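> First the structure, then my questions, so here it is.
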Amino acid sequence: MVKNICCIGAGYVGGPTMTVIAAKCPHIKVNVVDINTKRIEAWNHSDVSKIPIYEPGLSDLVQQARGRNLFFSTEVDQAIKEADMIFISVNTPTKTYGVGKGMAADLKYIELCARQIADVAEDDKIIVEKSTLPVRTAEALKNILDNTSKDVKFQILSNPEFLAEGTAVQDLLNPDRVLIGGEQTEEGRMAQKALVDVYANWVPSDRILTTNVWSSELSKLTANAFLAQRVSSINALSELCEKTEADVNEVARAIGTDSRIGSKFLKASVGFGGSCFQKDILNLVYISRSYGLQEVADYWEQVIIMNDHQKRRFASNIVKTLYNTVSGKKIAMLGWAFKKDTNDTRESASIYVADDLLNEQAEIVVYDPKVTAEQIYADLDYLNTRSSEENRKGVTVVNDPMECFDQAHAIAIMTEWDEFKDYDWKSIYNKMLKPAFLFDGRMILDHDKMEDIGFKMYTIGKG
Ligand code: NAD
Ligand code: UDX
């Protein structure tokens, strides 16, 4: 029975996942380790509301388990040595250099972990791939781990994580399924059983699926590709709705009631963001191309092409509507996170829309309830479109949303934060220059009501 778990990587997946394991398995000691000292300090902050990741319900669980059987530290070697089971939950971003640049997953962090485990481990370990990895990565890990001169045996399991940010705690407490891929040998099956037993502390057994390693690795990429494909499909239809006086919400409602289609993931938007969808589809495209499967690769790549188009057309629609120029015009952007209830901004559509508007010399004011100014500037600087001084000159970040609207020409809703729905839109309208333009990239406001107030309203997908 597993008594000691180490998780390498204290990020959006490692942090919440290990917190839930620790909360549900008080008999297991869980050490979450990371090389990022600042992040670990934040996980250990005495004020639990200061932990580095915002997720509804997470700080309460951390409070409950931290110091009892949940520990955050930078002592990676020590945690590896102590553990029976090691989760690898490090980042696997898209490569920014060399072969596969812009498409393939960068596995250098994964490989470093494997080498460190191989170096340090003194007894047998079960290694769990929690990070999302290209199919057949476990083979590379095994090669590294099996080539130590020590008499230590490793079993590698694939246990991809399906949580979505913003609902991570609920998704972890009540998952649709847990997937565990293992080698189809007796040792492989024993390792699989050890991990099944961990989850069985709170997940019903019919929701714990076991399979071989390759199916498990590929299922994760496939799940994200299917979900993102639905968003790109509805976003493609949103543009057609705008031309035909159809309403994409009505179309989504009509098709979503077909039980074969289902109602989830049919919300048209300013484009999907997040650290996973684009990265994982690009990875799928790259893998397909490397096997010579051109049509398969092109098919999935179109999901990304559609998403880029959706972001770009939102920005260009703002420019067109504001009489073909936003130069010197104040545009209030509400929301910077890639979705509500998270402070994560990776690949958020806001970044690209702001970048396009800055190219047109707009003056942007941003408000997001959970994202810091430092993060917003870092996101823009990362694009390298202009100097960081120019980004700071073009973008102001405010902590009070009511500071956004004075003399603004337009408002763009970028993230579907609930609080935006409850604002006093009449008094916001009064503060703005007229005509007051409102671009709802998330379909969260009542279009007709806003027009009654006087706004010139654009809602994604509404003709
Ligand atoms: P993240 O960037 O938030 O966290 C990764 C952490 O790993 C960082 O804190 C980094 O410092 C640490 N790290 C990197 N190399 C290390 C090393 N050698 N030793 C110790 N620590 C190291 O990333 P994330 O969002 O948690 O994603 C992790 C993995 O999970 C990725 O493969 C991702 O695709 C996958 N995933 C993410 C989500 C999500 O919603 N974010 C959901 C499912 C799966
Ligand atoms: C996704 C997967 O859902 C999750 O299972 C996987 O483990 C990690 O990747 P995440 O990126 O955290 O999770 O959030 P998700 O809810 O999937 O949203 C991704 C993006 O799609 C967001 O920008 C969201 O706003 C957008 N989206 C989602 C839409 O535009 N419309 C929808 O109907 C659903």
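> When the stretch 88-107 is examined, which residues are found to be free of Cβ contacts under 8 Å to residues at least 12 places away in the same chain and among the small types (Gly, Ala, Ser)?
Matches in the stretch 88-107: Gly98 only.
> Something else about it: State yes or no: is Phe272 among the aromatic types (Phe, Trp, Tyr), touching a residue at least 60 places away in the same chain (Cβ under 8 Å) and within 11 Å of ligand 2 (Cβ to nearest atom)?
For Phe272, the condition - among the aromatic types (Phe, Trp, Tyr), touching a residue at least 60 places away in the same chain (Cβ under 8 Å) and within 11 Å of ligand 2 (Cβ to nearest atom) - is met.
> Separate question: Any residue at all in the stretch 130-140 that is without any contact (Cβ under 8 Å) to a residue 40 or more places away in the chain and more than 10 Å from ligand 1 (Cβ to nearest atom)?
Taking every residue of the stretch 130-140 in turn, at least one turns out to be without any contact (Cβ under 8 Å) to a residue 40 or more places away in the chain and more than 10 Å from ligand 1 (Cβ to nearest atom).
> Inspect all residues belonging to the stretch 113-122 and state whether any of them is within 24 Å of the chain's Cα centre (by Cα), among the basic types (Lys, Arg) and more than 16 Å from ligand 2 (Cβ to nearest atom).
No, every residue in the stretch 113-122 fails to be within 24 Å of the chain's Cα centre (by Cα), among the basic types (Lys, Arg) and more than 16 Å from ligand 2 (Cβ to nearest atom).
> If I ask for residues that are touching a His at 6+ places or on another chain (Cβ under 9 Å) and without any contact (Cβ under 8 Å) to a residue 24 or more places away in the chain, which ones from the stretch 417-463 would you list?
Listed by number, the residues that qualify are Pro435, Met457, Thr459.
> For the stretch 329-352, give me the residue count where each residue is assigned to a loop (DSSP other than H, G, I, E, B) and away from ligand 2 (no atom under 16 Å from the Cβ).
Selection size over the stretch 329-352: 1.
> Ok, one more. Right, Gly181: in the same structural domain as Gly11 (by TED's automatic domain parsing) and over 27 Å from Gly273 (Cα atoms) or not?
yes
> Scan the stretch 172-229 residue by residue and report those that are in contact with a strand residue (DSSP E or B) (Cβ under 8 Å, 6 or more places away or on another chain) and among the aromatic types (Phe, Trp, Tyr).
Hits for the stretch 172-229 are Tyr199, Trp214.
> Follow-up question, since we're still on this one. Is the stretch 307-327 home to any residue that is touching a residue at least 12 places away in the same chain (Cβ under 8 Å), more than 18 Å from the chain's Cα centre (by Cα) and under 30 Å from Ser59 (Cβ atoms)?
Scanning the stretch 307-327, I find no residue that is touching a residue at least 12 places away in the same chain (Cβ under 8 Å), more than 18 Å from the chain's Cα centre (by Cα) and under 30 Å from Ser59 (Cβ atoms), so the answer is no.
> Could you pull out the residue among Gly98, Gly102 that is of a type in the set (Gly, Ala, Ser), touching a strand residue (DSSP E or B) at 6+ places or on another chain (Cβ under 8 Å) and either assigned to a loop (DSSP other than H, G, I, E, B) or under 21 Å from Cys276 (Cβ atoms) (or both)?
Gly102
> OK, next. Here is a list: Leu163, Leu179, Leu145. Which entry is in contact with an Asp or Glu (Cβ under 6 Å, 6 or more places away or on another chain) and under 19 Å from Leu133 (Cα atoms)?
Going through Leu163, Leu179, Leu145 in turn, just one is in contact with an Asp or Glu (Cβ under 6 Å, 6 or more places away or on another chain) and under 19 Å from Leu133 (Cα atoms): Leu163.
> Residue under question is Ser388, and the condition is that it be at pLDDT 95 or above, under 24 Å from Met443 (Cα atoms) and of a type in the set (S, T, N, Q); does it hold?
In short, no.
> List the number of the failed condition for Asp355; all other conditions in (1) within 16 Å of ligand 1 (Cβ to nearest atom); (2) touching a Ser or Thr at 6+ places or on another chain (Cβ under 6 Å) hold.
Only one criterion in (1) within 16 Å of ligand 1 (Cβ to nearest atom); (2) touching a Ser or Thr at 6+ places or on another chain (Cβ under 6 Å) is unmet by Asp355, namely (1).
For (1) within 27 Å of Val120 (Cα to Cα); (2) in contact with a strand residue (DSSP E or B) (Cβ under 7 Å, 6 or more places away or on another chain); (3) modelled with pLDDT of 95 or more; (4) small (Gly, Ala, Ser), each residue gets a yes or a no:
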site: Ala10; (1), (2), (3), (4): yes, yes, yes, yes
site: Thr19; (1), (2), (3), (4): yes, yes, yes, no
site: Thr37; (1), (2), (3), (4): yes, no, yes, no
site: His45; (1), (2), (3), (4): no, no, yes, no
site: Phe71; (1), (2), (3), (4): yes, yes, yes, no
site: Thr74; (1), (2), (3), (4): yes, yes, yes, no
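> Could you check the stretch 233-328 for helices (runs of 4 or more DSSP H) lying wholly inside it with 2 or more residues that are within 16 Å of ligand 1 (Cβ to nearest atom) and surrounded by 18 or more Cβ atoms within 10 Å (Cβ to Cβ)?
Per the criteria, 277-290.
The values are calculated or read from the model by the stated rules, or taken from the named source; none is laboratory data. Predicted, not measured: the structure shown is a model, and the values here were computed from it. Note that each Cβ is placed from the backbone with ideal geometry, even for glycine, and that neighbours are counted across all protein chains shown.
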